[in-house]
Every structure is written in C-alpha cells, then in structure tokens.
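Here the structure comes first, spelled out in structure tokens, and everything after it is commentary.
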Amino acid sequence: MGTALISGSLKVMHAFDFKKGKLHAEEVAVDRLASEFGTPLYVYSEATLLGHYRGLTGALAEVDATVAYAVKANSNLAVLGTLARAGSAFDIVSGGELFRVVQAGGEAARCTFAGVGKTEEEIGFALDQGIYAFVAESEAELRFIDQVAARRKVRAPVAVRVNPDVDAGTHHKITTGTYENKFGIAFEEIEELYGRAAKLKHLRLRGVHMHIGSQITAVGPFRAALKKMVPLVSRLRDRFGLEFFDIGGGLGIVYDPALASGKESWWEGRSRRPLTPEDYAKAVVPLVRPLGMKILIEPGRFIAGNAGILVARVLYVKKTARKNFVIVDAAMNDLIRPAFYEAYHEIVPVGRAGPRRTVKTDVVGPVCESGDVFCKDRLLPELRTGDLIAFLSAGAYGFTMASNYNTRPRPAEVLVSGKKVLLARRRESLQDLVRGEATA
Ligand code: LLP
C-alpha cells in the first residue's frame, strides 16, 4: 500500500500504513482516533506534509525557487502553521485565505494572490497586510487594483497571469490554461498589456504568472507551457524589470495504486508511475534557470493530497438483487471529489479483522442525491455494520470543499505527528450550523 501514499521516489515515511493489522497514521492507530474524535474524521500526517514540501524545495535547489503552498488544497490552521514554520510561502485566492495564513503565523509578505474576481475589500486587505504580489487576471482588474492602491497612496505589487493556451491533458473541470477557460490573459496580448500597465502609477510590475491546470501527472504539459512562455518572460523581464516568474502548481499525485501496475484509469491514464519532484525539476529547471529570476511554484495537492485520509464508519449494508450497498457515515458533503469529478479514492478497511472474502461494493453516503457515491462495483473486503474504512489521499480538496448540505456538521480534523495528536478542528455542532440565522 505504500506506493499509493508515497510520491514516487520521495522517501517520505509511510505515514498511513498497517501495523499489526491496524491502519496507523504515523505512530497512532486510526481506530483509536475514531473512538476518541468520532467519524467522519479527517486525519493528517505532519511528516507527509513536510516530506513533500522538502522534497520539492530540495529538487529545485538549483534555481532560486520558492514553494508557495496553494492554501485552497487544505487551509486548516495547523496545516498552514506547519508549512509556514518549514519556510513555505503561500498562494491564496481570497481575503479569507490571507486571513487564515496570517492567523496561522504565516507572512503576508510571502503570499501571492490569484483569482479572477478580487473584490475591493479583498484588495484593500491584501494591500494593508503587505502581500508579495497580486496575480491579476484581467486588464479591468489591473486598473481597479491601481485605483484601490491610489486611494491608499501605495503602489500595489502585481504580476499578470498569462494563459499560454496549452492543454494540460487533465480533467476538464480542472484544466485552466486553454482559451476555453476563464483564467488569465491570452499569451498574444501580454506584452502590450504590460506596456499599458507600466503607465499606471500605483502599480509596481513585479512578476509574471502561469498555471495550466491541476492533477497533471506527466511533465509534457509543463514543458510545453514553459517552452512557449520563457522567451516572453525574458522580454518582459528586460523591459519591465520583473523579479519573479511564478510557474503555478498542478503537480499530480497517485490516487489509484493499480495505476502503478499498468492499469489505465481515466484522467490519470497518461502516467503509469507517479510524478516525482525530481522528474518535475528535471523538466522545468533547465528551461527556467537561464532567466536568472526568482521562480515560484504553487503546489497544493502535491503537498497535502497524500497527507490526509477521511475515516468513516459503516452504518448499514443493503444487499439488493443487483447491488451490494455499503452505507457509511461520510457523504459527498464531506468529500465531494468522487461525486464532482468521478475521482478515484482508494478505500481500505481500518482494521484487518481476519480474512474476509472480497465482494463488489458500492460505498455510498447518507445524502439525498443519487450522486452521493464514493465507488461503484469496487472489489472490497466484505464490510459489516460498525467497520471503519478510510478514504486515502483525501488531504487535498477534501475538507476545503466540504459543505453543510443536508445540514450535516462538517467533520473534525486531526493532525498527527509521530505519537502526538492535535485536534486541529473540532467537529461542528448543530448550534454552529444555525449560527447567524434568524427565525421569522
Ligand atoms: N495555483 C492556482 C492559480 C490554482 O488555481 C491552483 C488550483 C493551484 C495553484 C494549485 O493546484 P494543485 O497544485 O493543487 O493542482 N478541486 C480540484 C482541484 C482544483 C484546483 C484549482 N486550482 C480537485 O479536487 O481535484
């Protein structure tokens, strides 16, 4: 099972592994966490977070690289604090994410702020906090940032997000770098736009940005985008004195261990083995090093994805003529990726209570939607009421995409470090769910 949880050649410790027949998070038995904190429960491994962060910074050591963790992947304060202490910068997409970074002890001066729809309040807040750079996604936004900065009598550091029109070959809902997508500004329009932006007195042109998509498991799309971008970036650097080139995030992880054994599986079908920091560095470093600029990368999933699991308990088993439904206490509101992207998450029983036959199983949640399904007809050990299961690789875009649909409290989150357990977020209470509402 280790291969599913370790990013390629990265020798991070087996953060989630079986010891004496029981799934452990680092040194702590997951069934113990479930009895102490209840289910559904997100469990994160600090060693895995740090292992991935350090693996990337190490692989990119030949350039002046900064890893700016994409907060949207997992924004729990304990996760952000852990990464901030390790030296991470942050990629944020809202005032709320900036607030979280600052609350967690991170520095605003090491944040880049992307996103197509920043509001006046968010821009003002980011200026007051002194962020490293805004990543503007339209000319209208550049002009608006200039106005907000003028009112404060400051200059706003900015970069422009270039859409290089390169297909990342990933799921259509997470492709961002083609002209079909709302992100960035077309490659052909960039130089003239920088020319106009340079005349805006309250902007300081500090860098240039791209991000082509997410869960990219081969280096080809990164290479293609960089080959196209580097000559442009070099001209912009000379004309406008830019200091940094942010090459985005998007590094994919392994969700399905069968992949490594050769099975093609939907959007990961292109890669038969995980992308490693070394593969990534080998592809990008030779292309960006000649620029002599500060290089930023913004990985989210690569750092947090395999560092978390979602633990759930089996409520009922319902066998029909056609199906074997296992109904668990986690649902699409807790982990939406299978319902939203048909994403694959490996499912393992938390305890290996003796040999059990494997049966084709649909694991489903209690939410009143046909789409509330975690897997269909998957061969799993026969599950019974009361069993605990874990959805693996749920550390990125798990809790951050959770909702209160069906008025379900969001799960608790714990961060494990060796033998230590931190309740990183308590389970929501029913009172939490109605806070701020009025009765009519
Ligand atoms: N930078 C920018 C500007 C982004 O839009 C994103 C992700 C990232 C960095 C980080 O991408 P990563 O390294 O995590 O691939 N909810 C989807 C993924 C959406 C990604 C959105 N943008 C999922 O669960 O697969």
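The values are calculated or read from the model by the stated rules, or taken from the named source; none is laboratory data. Keep in mind it's a predicted model, so treat the numbers as computed, not measured. Backbone-built Cβ (ideal geometry, glycine too); neighbour counts: all protein chains shown. These area figures cover heavy atoms from the full protein model, side chains too; ligands, DNA and RNA do not enter into them. Shrake-Rupley method; radii C 1.70, N 1.55, O 1.52, S 1.80 Å.
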In what sequence, largest accessible area first, do T320, T385, T217 appear using a 1.4 Å probe? T385, T320, T217
Looking at segment 114-299, what % of its DSSP beta bridges pair antiparallel, to the nearest 5? 5 percent
Counting alpha carbon pairs within less than 8 Å and at least 6 residues apart, what relative contact order, in whole percent, applies to segment 114-299? 20 percent
With DNA, RNA and ligands ignored, accessible area of E428 (1.4 Å probe; Å², nearest 10): 30 Å²
Using alpha carbons only, how many degrees (0 to 90, rounded to 10) separate the axis of helix 77-86 from the longest principal axis of the chain? 60 degrees
Which value, in Å² and to the nearest 10, is the accessible area of M332 when all protein chains are kept and the probe is 1.4 Å? 30 Å²
Out of the DSSP beta bridges found with both residues in segment 8-119, what percent are antiparallel (nearest 5)? 50 percent
Net charge over other residues, Cβ less than 11 angstrom from the Cβ of S417 (K, R count +1; D, E count -1): -1
With a 1.4 angstrom probe the carbon and sulfur portion of accessible area for segment 114-299, in percent, totals 51 percent
Can you list the lysines whose alpha carbon sits under 29 Å from that of K323, skipping same-chain ones fewer than 8 residues off? K22, K263, K360, K376
Order K72, K153 by their accessible area, 1.4 angstrom probe, all chains in place, largest first. K153, K72
Under 18 Å from the Cα of K173 - aspartates and glutamates, other chains or at least 8 residues apart: D165, E268, E342
Across all directions of projection, what mean area in square nanometres is found for the Cα convex hull of the chain? 22.4 nm²
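Could you order the peptides 307-314, 229-236, 114-121 from most to least packed, using the average number of other C-beta atoms within 10 Å per residue? Display every interim value, and only then the final one.
Working: 307-314: 26.8, 229-236: 17.8, 114-121: 16.0.
Peptide ranking by packing, descending: 307-314, 229-236, 114-121.
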Reachable lysines from K153, Cα under 18 Å, same-chain residues fewer than 8 places away excluded? K199, K201
Could you work out how far helix 120-129 tilts from the main Cα principal axis of the chain, as a 0 to 90 degree angle to the nearest 10? 80 degrees
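Indicate, rounded to the nearest 5 percent, the antiparallel portion of the DSSP beta bridges found entirely in the chain.
50 percent
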Sorted by accessible area (1.4 Å probe), largest first, how do K199, K22 line up? K199, K22
Relative to the longest principal axis of the chain, what angle (0 to 90°, nearest 10) does the C-alpha long axis of helix 220-240 take? 30 degrees
Residue-normalised 222 nm signal for the chain, counting each DSSP H run of n ≥ 4 as -39,500 (n - 2.57), nearest 500 deg cm²/dmol, is -8000 deg cm²/dmol
Per-residue SASA entry for R143, accessible area with 1.4 Å probe, Å² rounded to 10: 100 Å²
